[in-house]
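Any read-out appearing in this document is the output of simple, stated calculations on the displayed coordinates, not a laboratory observation. The structure displayed is predicted, hence computed values, not measured ones. Here Cβ is always computed from backbone atoms with ideal geometry, including for glycine, and neighbour counts include all displayed protein chains.
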Amino acid sequence: MTDALGAEAFSLIAAHDGPHAFDAVVPPIAQTSLFTFSSFAEMEETYLGRKVRPTYTRGLNPTVRLFEEKLAALEGAEDAMGFASGMAAISSAVLAFAAPGDRIVAVRHVYPDAYRLFEILLKRMRIEVTYVDGRDEEAVAKALPGARLFYMESPTSWVMEAHDVGALAALAKRHGVMTMIDNSWATPVFQRPLALGVDLVIHSASKYLGGHSDVVAGVVAGSKALIREIRAQTYPYLGGKLSPFDAWLLVRGLRTLPLRMKAHEADALAVARWLKDRPEVESVQHPGLANALPPGLTGTSGLFSFTFRDGVKVPAFADALRLFKLGVSWGGHESLCVPGQVVLSQNQGPNSGHAFGISPRSVRLHVGLEGAASLIADLETAIGAALAA
Ligand SMILES: Cc1ncc(COP(=O)(O)O)c(C=O)c1O
């Protein structure tokens, strides 16, 4: 593994901050909704914008700010803003820049709730979204002229289509189209989109940034000017503010991010390679199994999918798993499994899993930190149970 920033510099940013009150090694939490003023003059100075200091946590909170500064450093951004969820980050970023009559271009197979935001809420606001295969640069170039925004995710959810993010960002720049990318899967350890020319980076911090499955949060990083725009256009009004305690958990999570990502990468690759050689498995959707990663992606994480051959009983496989738990989300210490058949049983229209390239024979796995050998043994037992069912 080579990380995008260089292992040593990266670990320093993730691990180091301070000094903190009481010389505490861990930053104390500003778990408060408001901050009081010592005088009329101080309050007025703050209201006039002459003094920057916390007033109310929905606006500025020191613990949230610490997380934002660390994340901005990791992504090589001038600034960042924390949100109450990844979806709050996505919706606030998109709504800050798109207006009725605009058209957005998005790569196909984006995270399903982002897709529903586009297909349900944005449509209602007369914002049109067209979808392109991000691997097809000609198709992207055709779709871009006249668009307001190009929304990317690489690799995409479930089917894991990985893109040349730098090439797509350059195309968008040529057409004067602003770019955003959901970088939750790769994290800045393996992909730093701002250095590749993307304007805004978005994370579901509920995934690897947190890393312990105990927080739901989001973050957007980019230039001071763009972050200021989000802060002015949508942030206070939509109100999806990251809580101080969740920010504190994220700061803790970031300290081990590079280490965890290395472990997720190694173990997921071992599991994916093992699955690829199984006769019951038709294909494995893991970017690390291709001959080469796209430029700019320097490593792979723990989330991927595979597709069973016809006839394998997926419910029996799922029920026989012991270490892999059946559960949504990903990015934590634990290994997880989502059968495509369950996703497809949701209703139709924009909620249909078919829109995301999911097959009833496919299974999404998140490889946690339990160790590849035990996880492979778990899969072997479960495949045996599926064949016997
Ligand atoms: C790729 C991706 N982006 C965004 C999100 C949304 O993040 P959150 O659940 O924190 O709102 C998810 C959640 O699963 C995701 O998988």
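From Ala167, Ala217, Ala195, which residue is buried (at least 24 other Cβ atoms within 10 Å of the Cβ) and of a type in the set (A, V, I, L, M, F, W, C)?
Every option except Ala217 fails the conditions.
Exactly one condition in (1) surrounded by fewer than 21 Cβ atoms within 10 Å (Cβ to Cβ); (2) under 16 Å from Leu297 (Cα atoms) is not met by Pro236; state its number.
Single failed check for Pro236: (2).
Just to be sure before I move on: is Ile202 touching a residue at least 40 places away in the same chain (Cβ under 8 Å), within 25 Å of Leu297 (Cα to Cα) and within 16 Å of the ligand (Cβ to nearest atom) in the structure I sent?
Against the criterion (touching a residue at least 40 places away in the same chain (Cβ under 8 Å), within 25 Å of Leu297 (Cα to Cα) and within 16 Å of the ligand (Cβ to nearest atom)), Ile202 qualifies.
What number of residues within segment 68-102 satisfy the criterion of being within 24 Å of Ala147 (Cα to Cα) and within 16 Å of the ligand (Cβ to nearest atom)?
Result for segment 68-102: 10.
So which residues in segment 307-327 are more than 19 Å from the chain's Cα centre (by Cα) and either in a loop (DSSP other than H, G, I, E, B) or under 16 Å from Thr156 (Cβ atoms) (or both), if there are any at all?
Residues satisfying the conditions are Thr307, Arg309, Asp310, Gly311, Val312, Lys313, Leu321, Arg322, Leu323, Phe324.
What number of residues in segment 6-54 are within 30 Å of Lys262 (Cα to Cα) and among the hydroxyl-bearing types (Ser, Thr, Tyr)?
Of the residues in that region, 1 qualify.
Suppose we filter Ser223, Ser305 for residues that are within 18 Å of Leu375 (Cα to Cα), in contact with a strand residue (DSSP E or B) (Cβ under 8 Å, 6 or more places away or on another chain) and small (Gly, Ala, Ser); which single one remains?
The conditions single out Ser305.
Quick one: which residue in Gly176, Gly197 is more than 16 Å from the ligand (Cβ to nearest atom), of a type in the set (Gly, Ala, Ser) and closer than 29 Å to Met261 by Cα?
Gly197
Which residues, counting only those in segment 285-296, are touching a residue at least 24 places away in the same chain (Cβ under 8 Å) and surrounded by fewer than 16 Cβ atoms within 10 Å (Cβ to Cβ)?
Ala290, Pro295
Could you please find all residues in segment 328-345 being in a loop (DSSP other than H, G, I, E, B), touching a Lys or Arg at 6+ places or on another chain (Cβ under 9 Å) and polar (S, T, N, Q)?
If the condition is that a residue be in a loop (DSSP other than H, G, I, E, B), touching a Lys or Arg at 6+ places or on another chain (Cβ under 9 Å) and polar (S, T, N, Q), then Ser329, Ser335 are the ones that fit.
Out of Ala88, Ala72, Ala93, report the one residue that is under 27 Å from Val140 (Cβ atoms) and not in a loop (DSSP other than H, G, I, E, B).
Going through Ala88, Ala72, Ala93 in turn, the sole match is Ala93.
Which pairs turn up if I take residues in segment 241-269 that are under 19 Å from Arg58 (Cβ atoms) and look for partners that are of a type in the set (Lys, Arg) with beta carbon separation below 6 Å, at least 6 apart in sequence or on another chain?
Close Cβ pairs (under 6 Å, with a partner that is of a type in the set (Lys, Arg)) amount to Lys241/Arg58.
Return a yes/no flag: does segment 265-284 have any residue that is crowded, with 19+ Cβ neighbours inside 10 Å, part of a loop (DSSP other than H, G, I, E, B) and aliphatic (A, V, I, L, M).
Within segment 265-284, not a single residue is crowded, with 19+ Cβ neighbours inside 10 Å, part of a loop (DSSP other than H, G, I, E, B) and aliphatic (A, V, I, L, M).
Restricting the search to segment 141-157, which residues are in a loop (DSSP other than H, G, I, E, B) and over 30 Å from Val363 (Cβ atoms)?
Leu144, Pro145, Gly146, Ala147, Arg148
Of the residues that make up segment 220-240, is at least one within 14 Å of the ligand (Cβ to nearest atom) and out of contact with any helix residue (DSSP H, G or I) (no Cβ under 6 Å at 6 or more places or on another chain)?
No, every residue in segment 220-240 fails to be within 14 Å of the ligand (Cβ to nearest atom) and out of contact with any helix residue (DSSP H, G or I) (no Cβ under 6 Å at 6 or more places or on another chain).
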